[in-house]
Structure formats: structure tokens, C-alpha cells
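The next block holds one structure in the form of C-alpha cells; read it before the comments.
The values are calculated or read from the model by the stated rules, or taken from the named source; none is laboratory data. Just so we're clear, the structure is a prediction, and the values are computed from it rather than from any experiment. Cβ sites come from the backbone with ideal geometry, for glycine too, and all protein chains shown count toward neighbours. Just the protein is used for accessible areas: all its heavy atoms, side chains included, with ligands, DNA and RNA removed. Shrake-Rupley method; radii C 1.70, N 1.55, O 1.52, S 1.80 Å.
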Amino acid sequence: LSANELVINFPYDGSIFSYPINNLNVYYKAKSLSNETAESQLIRTKLNRIATDSEVQKAVKAIGAKYVLILDRSGFRQINETDANDGYINYQISQWSGFEINDETPGFHPILKGRELRLYRIDF
């Protein structure tokens with residue numbers, strides 16, 4: 001992973017701080033969805049379908065990302081069926097369903113595993 005390679009991240013897990021602190025080129029640098037692109041919408045809602053969804057594949061290719069970073073979300077709390085809280089702000093779970101990725105999700109190869117993080121290479 002080189003310094004300028006783009007890494008898709010789930011902004012509510014704290015990975016947005018990887019950009020200013022560690023200079024990691026993360027896709028979501030803020031929790032805001034203002035001025036969202038069509039690629040961003042596909043990524044945040046359907047990224048986990050990349051192995052079978054050609055539109056998601058096109059979106060990921062368009063932004064040039066090759067990795068996905070997912071940090072620990074065990075401290076998140078579900079407020080109701082549709083909302084959750086990361087400790088600072090509420091968000092709608094369905095708006096970020098594309099990040100429901102684990103080591104068995106087709107299209108993602110774990111290259112770094114820790115107790116509190118996963119770094120996946122995108123393979124499709």
C-alpha cells in the first residue's frame with residue numbers, strides 16, 4: 001500500500017482521522033454526504049456486492065480504489081431498527097450497508113487483520 005493509493009473507508013468508525021493523522025488517502029474524509037457523487041452512493045450502499053454487481057465494479061474503478069479499511073464497530077449502539085450512533089453522531093444504517101464486509105465476503109481478500117481492524121484488497 002503506497003502513500004497515495006486510495007482506501008475506501010467507513011467514516012463513522014474513526015478512519016476519517018487516518019487522513020490528517022497518518023496521511024492515509026481515505027475516500028471518506030468526513031461524515032457528511034453533501035455533494036455526493038453517484039460512485040459514492042453505490043459504494044456506501046452496495047460495496048459488499050462488488051463480486052457480482054458490475055455497477056459497483058465500475059464505481060470502484062472510477063475512483064481508483066484497491067483497498068477497504070474497516071475498523072472496530074463493537075462500541076456502536078443501535079438506537080432503533082434504522083439508526084445507530086458512533087458515539088458522536090447518529091447515522092442511518094441502511095445508508096452504509098455496503099460496508100457489511102467480513103473475511104468471507106466475495107471480492108475482498110484480507111491482507112491485514114488485527115483485533116480492531118481489517119484491511120481488504122479489492123479483488124473482482
Mind listing whichever residues of region 14-32 are assigned to a helix (DSSP H, G or I) and surrounded by fewer than 20 Cβ atoms within 10 Å (Cβ to Cβ)? Ile16, Phe17, Ser18, Tyr19, Pro20, Ile21, Asn22
Of (1) over 11 Å from the mean Cα position of the chain (by Cα); (2) more than 20 Å from Leu117 (Cβ to Cβ); (3) in contact (Cβ under 8 Å) with a residue 40 or more places away in the chain, Thr45 satisfies all except one. Which? (1)
Suppose we filter region 45-56 for residues that are over 15 Å from Leu6 (Cβ atoms) and in a helix (DSSP H, G or I); how many remain? 7
Name the residues in region 100-122 that are out of contact with any Leu (no Cβ under 8 Å at 6 or more places or on another chain), open to solvent by 60 Å² or more (accessible area, probe 1.4 Å) and in contact (Cβ under 8 Å) with a residue 40 or more places away in the chain, would you? Glu100, Pro106, Arg115, Arg121
Might you check whether a residue that is over 18 Å from Leu1 (Cα atoms), out of contact with any helix residue (DSSP H, G or I) (no Cβ under 6 Å at 6 or more places or on another chain) and part of a strand (DSSP E or B) occurs anywhere in region 106-119? no
Under the condition of being over 14 Å from Pro11 (Cα atoms) and acidic (Asp, Glu), which residue from region 37-74 is most open to solvent (accessible area, probe 1.4 Å)? Glu55
Please pick out the residue among Gln78, Gln95 that is open to solvent by 40 Å² or more (accessible area, probe 1.4 Å), more than 27 Å from Asn4 (Cβ to Cβ), modelled with pLDDT under 80 and not small (Gly, Ala, Ser). Gln78
